[in-house]
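Shown next, in C-alpha cells, is the structure this report addresses.
The values are calculated or read from the model by the stated rules, or taken from the named source; none is laboratory data. Given the structure is predicted, the values throughout are model-derived calculations rather than measurements. For neighbour counting, all protein chains shown are included, and Cβ atoms are generated from backbone atoms with ideal geometry for every residue, glycine included. SASA here: full protein model, heavy atoms, side chains in, ligands and nucleic acids out. Shrake-Rupley method; radii C 1.70, N 1.55, O 1.52, S 1.80 Å.
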Amino acid sequence: MCNQLQGGPKAPKDPTKKRKGFFIMRNKSVAGSPMPDGTGTQFIYLDCGRMITAAGMVGNIKDKNILDLLTTVEGFRKLVHSIGVTVECENKEETVEFHFQMYGKTDPYKSGTTLKLPVKADGMEQILHLEECEWSEDDNIPGQARFVFEKAGTLATVAVKFYLHEGFEVPEIEEENPVDFTSPYYPEMLSKAIMQTGNNFRLKKAIEKARRGEDVTIAFIGGSITQGAGAVPINTECYAYKTYKAFCDVVGKTTEENVHYIKAGVGGTPSEFGMLRYERDVLSEGTVEPDVVVVEFAVNDEGDETKGECYDSLVRKILNSPNKPAVILLFAVFANDWNLQERLGPVGVAYDLPMVSTRNTVVEQFYKKPGEGRVVSKNQFFYDVFHPTSIGHTIMADGIKHLLEVVDKQEQASEDVDISKINPPLGGEFENVKLLDGKAGYEGAKIDCGDFKEKDAELQAVERNMDLTHTPQLPYNWMYQGAKAEEDAKPFAMDITCTALLLIAKDSASVAVGCADVYVDGEKVLTYDPHQVGWTHCNPVIVFRGKERRSYHVEVRMCEGDENKDFTILGFGYVE
C-alpha cells in the first residue's frame, strides 16, 4: 500500500516536451525600485541592440537570422513561441508581475503591446504563450521587460528564456561555474587593471589624512555605471560604494565616521554634461571639498561633440579646485569589449594621473576556458550590453582597490604636478564652464522666458549617494507647453555675456514633445530634436564656442508646426 500525496493529481499528465530555446536573462539579480504607488519595479531595457547582445552573451546565439528576427516585433513573433519566466524571492508566496513591452510606432511607450504574466516567486518556471495574447497593429520593436513587485526594495533572482517555433536550431545551454574570487587567476586579472599609478602626491596625501582620522570625502562622477546600473541593490552593490568601502579598508578604518561618500552618476550622459553639473552634484554648490574624485566617462563619451575636450576640461576643473583633490580616471567597458581609453587616456598621461582600466582587467580572460585563466564569463560580468552585474561592479571596485594598495606602499612623490604648466592635451576651453538655470543665476544674463514659463516635473531622475529614491535632474527649468501657450507663441529670450554657450535640453520619446530652433543674434544656429535619443534624459549641445567676449542675444523658438507641442530647456552652460 502506498500513500497518495495530499492534494496531488490522481493521474499525472506526461510532461510537455520543452521546445528549443535560449536565455536572455539567467540567474540575474533584480530589485524593485520605488514607484509612486508603493510597489517596486525593475526595468530591463531591450532596445538599442540590448536584446541582441543578451541573446549572444547569455544564450550563445550566433545565427544572424535569429538575431535579425529579434529586432522587430514581426520577427520576434515568427521566432518566439513562448517565454519562460522564473522568479525566486525570500518570500516564496509572493506573486511578481512580469511585463514584456513592445514599443509602438506612433508612441513608443503607449501604443504597443504589453504582455503580462503573474509569476509565483518560488523558483518554478511559468510560461507565457504568445499565441494566447492580443497584439497591437502598431507594434514596432521589443522594448523592455519589467518585474513588478508588491513592495519596493524586494530582491529576487530571475531568468527569462525564449522558447522557439519549430525549425530553429540553437546551441545547447552550457552550465556556468560560480565566480571564484579565491582563484589564483583573480590577482593576475587585477594586476592588469592599473594603466599607470601616476604622480601619487595627492592620493597619498588623502590616504594619510584619512588614516589620521581627519575628514576625507571620496566622490564619483560618471554615467549610468557610476549611478550603479546593473548592481542589485544599486546603492550598496555598485562599484562606487564598494570602492569607498575599499578605501576605508586600505586606510585601516573599521568604521566610516571620518570618510564620506558622494555618488554622482547620471545615466546616458557624457562628460559634456558632467562638467556642467560638477559644482552642484559633487561640490554641493561649494559646501563639499572632495579629497579624491573618480571620473568614469569612458563608455559615455562617444556622443561628446568635442571628442574629448569636455572630458579634459572636467578633469582640469577638478584638479584646479582650491583644495587640490586627487583624481583617478576609470575606464569601464561595454560587452562588445569597447571603450574610449585610447581617446581619453592621453589626459591621464599628460597630468600624470592614476588610471584604472576595467577593459584591461576582464576582456582577455573572457576568451579563456575555465581552469585556463577565465575567472568570470561575460554573462556573469555584464547585466546587459552596457552595464555590469553586481559581480562586475565588484571587479571594477577591486581594480581600484588594487591601485590604492599599490600606491599606499609607494614612497610619496616629492611634489605635486603643476597643472598650470601643462597644455590641455585635448583642449580646455570649458574648464571654467558654469551652469545657468532657474536656480543658478548669472549677473551677465538677462532672461525673458516668454511662453517657456512652466516647470517640467517629468525629468530624468537618479539614485544619489546611498539613496534608493530618485533625485530629479535640473528641476529649475523652463518648459514650453503648447496647450498653454499664447496664440502668437513667445520665444525664450536671453542676453548673455560669454565666450561659449551650451543648451541643456530634455530628450523624450513622447509624441507630445516638439522641436525647437536656437537663434543667436537673429541667425539660426541649430534645431534641437528631443526624439533623437528617444528617452527622458538630459542632453547638452554646444550653441557656440570660441567667440569674442561680448553680449549675445539668444532665442529658443518652437519649430514651425510644433507650436502646439512641448519643449523643456533644462538650463545652459556658459564660459564667461
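Packing here is the average count of other Cβ atoms within 10 Å per residue, and on that basis the peptides 523-536, 551-564, highest first, run 551-564, 523-536.
Amide H to amide H, with H built 1.01 Å from N, CYS498 comes under 5 Å of ARG550, TYR552, counting only residues 5 or more places away or on other chains. With the charge dipole of the chain set up from +1 on Lys and Arg Cβ and -1 on Asp and Glu Cβ about the Cα centre, the Cα lying farthest toward the positive end among the listed residues ALA493, ALA512, ASN91 is that of ASN91.
Counted over the chain, the DSSP beta bridges are approximately 80% antiparallel.
Compute the FRET efficiency between GLU134 and LYS78 as 1/(1 + (r/R0)^6), taking r as their Cβ-Cβ distance and R0 = 30 Å, and round to the nearest 0.05.
The pair GLU134/LYS78 has a calculated efficiency of 0.95.
Here each label is just a point 7 Å from Cα along the line to Cβ, and for ASN323 and ARG19 those points are 5.9 nm apart. Among residues other than PRO424 with Cβ under 10 Å from its Cβ, the summed charge is -3 (Lys and Arg +1, Asp and Glu -1). Hey, how many Å between the Cα centroid of region 495-528 and the Cα centroid of region 358-376? Rounded to whole Å, the Cα centres lie 45 Å apart.
Rounded, prolate or oblate: which fits the chain, taking a ≥ b ≥ c as square roots of the Cα gyration tensor eigenvalues, rounded meaning a/c under 1.5, else prolate when a/b beats b/c? Oblate.
Between the listed residues VAL575, MET51, GLN365, the Cα displaced farthest toward the positive end of the dipole of the chain, a dipole computed from Cβ unit charges relative to the Cα centre, is found at GLN365.
As a rough guide to protection, the peptides 51-57, 30-36 ranked by mean Cβ packing within 10 Å, highest first, stand as 51-57, 30-36. Structure note, pairs LYS20/LYS116; LYS439/LYS565; LYS28/LYS369; LYS78/LYS120; LYS205/LYS409; LYS368/LYS409: Cα-Cα distances above 20 angstrom occur for LYS20/LYS116; LYS439/LYS565; LYS28/LYS369; LYS78/LYS120; LYS368/LYS409. For ALA461, project a label point 7 Å along Cα to C-beta. Then give me every residue of region 213-230 with its amide nitrogen under 15 Å of that point. Correct set: none at all. The residue among PRO475, ASN465, THR394 whose Cα reaches farthest toward the positive pole of the charge dipole of region 357-485, with charges on the beta-carbon of Lys, Arg, Asp and Glu, is THR394. Note on the chain: with charges restricted to the Cβ of Lys and Arg (+1) and Asp and Glu (-1), its dipole about the Cα centre is near 1360 debye. Highest mean packing first, where packing is the average number of other Cβ atoms within 10 Å per residue, the peptides 342-350, 241-249 line up as 241-249, 342-350. In this rough spin-label picture, where each label sits 7 Å from Cα along the Cβ direction, the ILE173-ASN336 distance is 2.8 nm.
Rolling a 1.4 Å probe over the protein heavy atoms of the chain, with every protein chain left in place, gives an accessible area that is 48 percent carbon and sulfur. In summary, the helical segments of the chain meeting the span-like criteria, namely a full DSSP H run, a Cα extent along the axis of 24 angstrom or more and a mean Kyte-Doolittle hydropathy of at least 0.0, are 390-409.
Let me know the charge dipole size of region 451-576 about its Cα centre in debye, to the nearest 20, where only the beta-carbon of Lys, Arg (+1) and Asp, Glu (-1) is charged.
440 debye
With θ taken as phi - 60° and the coefficients 6.51, -1.76 and 1.60, list the Karplus ³J(HN,Hα) couplings across region 440-449 in order, rounded to whole Hz; mark glycine and proline as x. Here the 3J(HN,Hα) series is 8, x, 8, 5, x, 10, 10, 10, 10, 6 Hz. Here GLU454 and ARG211 are evaluated by their C-beta separation; at R0 = 51 Å the FRET efficiency comes out at 0.50.
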